[in-house]
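So the structure is just underneath, and the comments pick up after that.
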Amino acid sequence: MKRTLSSSVLKKRAVRPDDDAAVVSEAEATEQVSGDDAKLVGGVKPRLGGSGSAWKAGALSDASQILQVERTQVVERILSGRHELRIDPSQIVDVIGSDRREDWRDQDAFERLKESITKNGQDTPIHVWPADPDWRPDEREPENVDGVTFHLIVGRRRHAILQALGLPVRALLVPQASRGSREEQFEMLFMRFRENEERENLSAFERLVSIGEMFERLQEATPDEKLTATEFAKRVGVHNSAVSRGRAVFAARDEILHACKNVYDLSHRDLEKVLNDLSGKAATPAKKKLTKPKKLTVQRKIGSRKLSVTGQGGKLSVAATGLALDEDVLNGLGDVIAEYLEKHGSK
């Protein structure tokens, strides 16, 4: 007697890496096989150990293989950032911090986002990577991440809100090509910066601090190589001028925050003035030009010749044209001038 199988068991669809495969449990596969097996001609089930048992074993083996392939696909999709995970917020640790203002939780934008998530749920997944670079999902339960710790890369506001609401976080793994390398921390900072640049404008201060921090971390990662502003600017996609400013603002960030109450409202030009003031390079007012003492000259006649006496700023000069003045004459003249000045002084 010819026996047929249910198409739900026998039909094997083509498996592609980008398919969102539905995971079928082994229990479900068993139920399907048992149900079809019961629908034999005349309602008679095969005897144990007969051809029916062999047929059932083959169907179960096929279902198990399909299930294994689908689970393997889910694992690869998770690791490549194409399959979302639901993670308890307490399992996500922020190891690099925010590049935003310190009071970002008190801003209107944060409150608006919290209202949206409370009402509509989380629209956009956050980005994380596992604390253990060698971590892989369990192929038996790929989506089960209980007890696994993750590092937060992008989505600090969403993470904070969902943690406050007591809800699981939708998350994607980001590429981990730099895990374990000297540039690991720079890569985390760069992904954070790129996300914030694309999603919402940073203030001039926030942006420059982030650029300066990325430069310093990359330089620390490659101490034997001289990192130039041009190379760095090209790598992170900013203008050369932003690199030097960013390094200066990052180095003086605490002083700037202390000196300026409205630091997050300052423009790039304003920040440059603040830096100049802090470094003592502020433009000083031009010194008042001193008035040159007036030059005075008096003349006297000595016979047919002229004697000129000139005074300017405490300097006295005597010119006697055509007169041969020897040392004795000069000494006598000096005595007369000294005696006069001693009696009458100078005005």
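The values are calculated or read from the model by the stated rules, or taken from the named source; none is laboratory data. Everything numeric here is computed off the predicted structure, so don't read it as measured data. Note that we place each Cβ from the backbone using ideal geometry, even for glycine, and neighbour counts take in every protein chain shown.
Starting from residues that are more than 18 Å from the chain's Cα centre (by Cα), touching a residue at least 12 places away in the same chain (Cβ under 8 Å) and part of a loop (DSSP other than H, G, I, E, B), keep the ones in the range 248-278 and report whichever is surrounded by the most Cβ atoms within 10 Å (Cβ to Cβ). So, considering only residues that are more than 18 Å from the chain's Cα centre (by Cα), touching a residue at least 12 places away in the same chain (Cβ under 8 Å) and part of a loop (DSSP other than H, G, I, E, B), the one surrounded by the most Cβ atoms within 10 Å (Cβ to Cβ) is Leu266.
Only residues that are in contact (Cβ under 8 Å) with a residue 12 or more places away in the chain, hydroxyl-bearing (Ser, Thr, Tyr) and more than 13 Å from Leu85 (Cα to Cα) were counted in the range 112-127, giving 1.
Flag: Glu213 does not match the condition of being outside the structural domain of Thr118 (by TED's automatic domain parsing), under 19 Å from Lys234 (Cα atoms), surrounded by 20 or more Cβ atoms within 10 Å (Cβ to Cβ) and without any contact (Cβ under 8 Å) to a residue 12 or more places away in the chain.
Within the bounds of the range 164-172, is there any residue that is among the basic types (Lys, Arg), touching a helix residue (DSSP H, G or I) at 6+ places or on another chain (Cβ under 8 Å) and not assigned by TED's automatic domain parsing to the domain that holds Arg217?
Taking the range 164-172 first, the residues among the basic types (Lys, Arg) are 170.
Next, from what is left, pick out any that are touching a helix residue (DSSP H, G or I) at 6+ places or on another chain (Cβ under 8 Å): none.
Taking every residue of the range 164-172 in turn, none turns out to be among the basic types (Lys, Arg), touching a helix residue (DSSP H, G or I) at 6+ places or on another chain (Cβ under 8 Å) and not assigned by TED's automatic domain parsing to the domain that holds Arg217.
Are any of the residues in the range 254-271 outside the structural domain of Asp106 (by TED's automatic domain parsing), aromatic (Phe, Trp, Tyr) and at pLDDT below 90? The answer is yes, given that some residue of the range 254-271 is outside the structural domain of Asp106 (by TED's automatic domain parsing), aromatic (Phe, Trp, Tyr) and at pLDDT below 90. Of all residues in the range 155-179, those being part of a strand (DSSP E or B) and under 22 Å from the mean Cα position of the chain (by Cα) number 3. Restricting attention to the range 212-247, the residues that are touching a helix residue (DSSP H, G or I) at 6+ places or on another chain (Cβ under 7 Å) and part of a loop (DSSP other than H, G, I, E, B) total 3. Can you give me the number of residues within the range 111-138 that are in a loop (DSSP other than H, G, I, E, B) and of a type outside the set (Phe, Trp, Tyr)? Total satisfying the criteria: 12.
Residues of the range 317-329 being outside any loop (DSSP other than H, G, I, E, B) and within 18 Å of Lys306 (Cβ to Cβ), which ones?
Narrowing the range 317-329 to residues outside any loop (DSSP other than H, G, I, E, B): 317-320, 327-329.
Across the range 317-329, the qualifying residues are Ser317, Val318, Ala319, Ala320, Val329.
Of the residues in the range 209-221, at least one is closer than 30 Å to Asp88 by Cα, of a type in the set (Asp, Glu) and at pLDDT 90 or above. Checking Gly314 against (1) at pLDDT below 75; (2) under 26 Å from Phe190 (Cβ atoms): exactly one of these is not met. Which one? Answer for Gly314: the failing condition is (2).
For first residues located in the range 226-241 and closer than 20 Å to Val209 by Cβ, partners that are in a loop (DSSP other than H, G, I, E, B) and modelled with pLDDT of 90 or more and lie 6+ apart or on another chain with Cβ distances below 7 Å form the pairs Ala233/His239.
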